[in-house]
Every structure is written in structure tokens, then in C-alpha cells.
1. Which pairs do you get when a residue that is touching a residue at least 12 places away in the same chain (Cβ under 8 Å) and over 12 Å from Leu65 (Cβ atoms), found in the stretch 140-151, comes within reach of a residue that is of a type in the set (D, E, K, R) and assigned to a loop (DSSP other than H, G, I, E, B), reach meaning Cβ atoms under 9 angstrom, with the pair 6+ apart or on two chains?
2. Does Gly115 satisfy the condition of being more than 28 Å from Leu144 (Cα to Cα) and modelled with pLDDT of 75 or more?
3. Being among the charged types (D, E, K, R) and buried (at least 16 other Cβ atoms within 10 Å of the Cβ) is the filter here, so list the residues in the stretch 106-138 that pass it.
4. Being modelled with pLDDT of 85 or more, within 22 Å of Gly92 (Cα to Cα) and of a type in the set (Phe, Trp, Tyr) is the filter here; which residues of the stretch 143-188 pass it?
5. Which one is modelled with the lowest pLDDT, of the residues in the stretch 1-40 that are small (Gly, Ala, Ser) and at negative phi?
6. Out of the residues in the stretch 41-91 that are surrounded by 14 or more Cβ atoms within 10 Å (Cβ to Cβ), of a type in the set (S, T, N, Q) and under 25 Å from Ser142 (Cα atoms), which is modelled with the lowest pLDDT?
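The values are calculated or read from the model by the stated rules, or taken from the named source; none is laboratory data. None of these values were measured; they are calculated from a predicted model. Using ideal geometry, Cβ is built from the backbone for each residue, glycine included, and neighbour counts are taken over all protein chains shown.
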Amino acid sequence: MQGEGVLDTEVLPPMLLLMLFACFSPGPNNILCAAHGSKYSVRETLSLMVGMGLGWSVLGLLIGLATSTFEQYDTTFEVLSFVGAAYIAFLGIAMYRSSPLKAEDETQRLGFKTGVALQVVNGKAWAYFLALMTTFGTLLGSGLPPKLLIILLNLVFGVAALLVWATFGSYLSTLFSSERSGVYINRSFGVALIGVAVYLVLV
């Protein structure tokens, strides 16, 4: 019998599987990190990833603490999804139109603030955490510890996924190092970001 404050570990396998697919799938954060990694480097993408991780975790904590309240505002998620989609589309267009990085080109480099902002306007992230907190958060046990565990596990999976995608983008830019190839890579990631934005609106 599960006592109060005791975690039910039987729920962990399906929850971890869901997190694995959710975190490593080609969503806004991952595609943006791959695009930024291809144009700059994994190292220069770290501040963007830190912002994403912090914004993601704070968002999860807020939703975990106010789950019952957030459930009443479906319209809020829809509005956030449209705002987030527009922002992602803007980034995609900027990436598509950008030229391969030159030594003096620093103007389009994204950082910590962009990473945090993207989480705030990501309606799908709000819905994802709400679903986790109202299902697995309850099944794991009562109180704050289960919710903190969910946030921690999401952070671990999420950061790992961002690193993988940023490395993938950086590898592509190294493999195709000519200026012409750089243009193709930028346009490919730009189209991918625009595709993600369209998906967020339609789903």
C-alpha cells in the first residue's frame, strides 16, 4: 500500500518512455538548437540551452503548484500556441534568409533570454506539463516530491536532447563546410522551424 509522500516507482517506466519521446522528438527547442549549432557551434549554443532548461523547469514547477487552476484555462494554451508558433516562424524565416557565418557576424546569435522566452510562449509545453502533472504526478504519489521528480527528469532528458541536436547541427556544418553548403543547411533548418510553427498551429 502506498503511503503519503512515498513514490510509486511502478509508474516510472511508462512515464520515462513518454519523456524520452517528448524530449528527443524534433520540436521547437531541438530544431532551434540544431539550427544554432550548425551556424555557430555547440559551445556558442550553451547559453541558449541553459535558458531553455531554466525556462522549462520553472514552467513545470509553476504548473505543478497550480495544476487545478491551469486546467480551467484551455483558451490560454491556444493563445500561447499561436504566439509561440509566430515566434518560431520568425526565427525560421531569419534562419532561412541568413548567410553562412562570417568571422564578424554576431548579430543573429541567440542566447539565454531567447531560450527562456521560447518556453513562456510555448503552449504545447504548458499542455505537456499539465498532462504530466495531472496523470503521472498523481500516480507517483501525493505532495510536492513527485512533481519535483518529474521536473528533474524532464530537465535531464531535455538537456541531453538539446546537446544531441546541437551537436548534430554542428556536425552538419563541419561536414558541409563550403559557403554554398552553409546556405543549404541554413535554409533546411529554416524550413524545418517554419514547419514546426505550422504544426503547432494545426495540431
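1. Correct list of pairs: Leu140/Asp8; Gly141/Glu4; Gly141/Asp8; Ser142/Glu4; Pro146/Asp8.
2. Considered against the rule, which asks whether it is more than 28 Å from Leu144 (Cα to Cα) and modelled with pLDDT of 75 or more, Gly115 comes out as no.
3. Across the stretch 106-138, the qualifying residue is only Lys124.
4. The answer is Trp165, Phe168, Tyr171.
5. Of all residues in the stretch 1-40, those small (Gly, Ala, Ser) come to 3, 5, 22, 25, 27, 34-35, 37-38.
Filter once more, keeping what is at negative phi: 3, 22, 25, 27, 34-35, 37-38.
Working: Gly3: 48, Ala22: 83, Ser25: 81, Gly27: 81, Ala34: 92, Ala35: 89, Gly37: 92, Ser38: 88.
By that ranking, first place goes to Gly3.
6. The qualifying residue modelled with the lowest pLDDT is Thr67.
Okay, residues lined up against (1) assigned to a helix (DSSP H, G or I); (2) under 13 Å from the mean Cα position of the chain (by Cα); (3) of a type in the set (Asp, Glu):
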| site | (1), (2), (3) |
| --- | --- |
| Ala125 | yes, yes, no |
| Tyr128 | yes, yes, no |
| Gly143 | no, no, no |
| Asn154 | yes, yes, no |
| Ala166 | yes, yes, no |
| Ser173 | yes, no, no |
